[in-house]
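The numbers here are math on the coordinates, done by the rules we state, and not lab data. Please read these numbers as outputs of a predicted model, since none were measured by experiment. Positions of Cβ are backbone-derived with ideal geometry, glycine not excepted, and every protein chain shown enters the neighbour counts.
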Amino acid sequence: MDSLLQEITILPGVLGCFVFNDEQQIAGSKMPPIFKENSIKTIGNLLTRTIQIGSMAQLEFKGIEFKYNESLLIIKPLPKNALLIIICEPNANKSLISMTTGMLAEDIAKAMANPMAAVAPSQPAATKSSDTAAPGQQEEVTDLAEIDAELAVILEKVKDALAMAIGPIAAPVMKDTIETWAKQGATSLATLPALAALLCIEISDEDLEKEFMAEIKTITG
């Protein structure tokens with residue numbers, strides 16, 4: 001459970017998150033130290049009651065957002081009436097958070113059903129470069145010989161922009177997409193738009209694609 005919630009907390013603008021089950025217990029938490037267990041339970045109980053009131057009025061719960069001056073509270077439903085509660089900065093990327101939580105929801109449900117089992121996050125297998133990298137060493141985007149040092153620096157920035165759109169799975173997605181891009185012809189700054197187009201297919205979200213392409217324009221000048 002911890003590793004799954006960690007994937008959410010590393011997203012830009014996310015301050016912490018926790019899972020509150022139907023037994024009014026904390027099933028998992030990655031919250032800042034300032035939030036003590038009793039405070040987290042109080043938040044969970046209040047939100048559970050709010051949703052129950054909506055159910056009495058025959059309102060279907062698909063998600064709730066509470067926006068405050070300094071924070072944003074996002075509540076997502078999980079199986080068996082459990083809740084995934086995320087605390088973010090007000091300007092956090094809600095589309096990215098929604099996409100990531102949607103990808104992890106099934107694994108979180110499995111972890112709740114069997115807390116003793118280690119559940120691996122749903123993401124592509126790590127590349128050889130990440131498996132063998134020394135601690136603290138920056139993961140290389142790709143080991144393709146065709147890419148020179150100048151272009152490699154640009155591609156690292158593109159990878160960072162991609163991570164803003166799709167989160168922690170950006171590195172393996174970037175590597176696979178660069179390999180596809182290389183098969184289309186010479187890899188160079190001139191053909192970078194073709195790589196960006198391939199990455200937009202992987203993003204598969206119109207708003208996130210626009211943000212990604214805007215960031216690419218700042219990278220390439």
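Run the quick spin-label model on Ile219 and Ile201: label points 7 Å from Cα toward the beta carbon, then report their separation in nm to one decimal.
1.8 nm
So, R0 is 41 Å and r is the distance between the beta-carbons of Ser3 and Ser188; what FRET efficiency does that work out to, to 0.05?
0.60
For the range 163-174, in order, what is each residue's ³J(HN,Hα) by Karplus, 6.51 cos²θ - 1.76 cosθ + 1.60 with θ = phi - 60°, in whole Hz (x at glycine and Pro)?
Karplus values, whole Hz, x for Gly and Pro: 4, 5, 8, 10, x, x, 7, 4, 4, x, 5, 4.
Amide H neighbours of Leu15 under 5 Å, counting only residues 5+ apart in sequence or on other chains, H built in-plane at 1.01 Å?
Ile87, Cys88, Glu89
Got a sec to turn the phi values of the range 196-211 into Karplus ³J(HN,Hα) couplings, 6.51 cos²θ - 1.76 cosθ + 1.60 with θ = phi - 60°, whole Hz, x for Gly and Pro?
Result, rounded to whole Hz: 4, 5, 5, 5, 4, 4, 5, 5, 6, 8, 4, 5, 5, 5, 5, 5.
Residues with amide H under 5 Å of Ala27's amide H, sequence separation 5 or more or different chain, H placed in the peptide plane at 1.01 Å from N; which?
Val19, Phe20, Asn21
Which ³J(HN,Hα) values in Hz, rounded to whole numbers, follow from the phi angles of the range 80-92 under the Karplus curve 6.51 cos²θ - 1.76 cosθ + 1.60, where θ = phi - 60° and Gly and Pro get x?
Coupling constants for the range 80-92: 6, 6, 7, 10, 9, 10, 10, 10, 10, 6, x, 9, 4 Hz.
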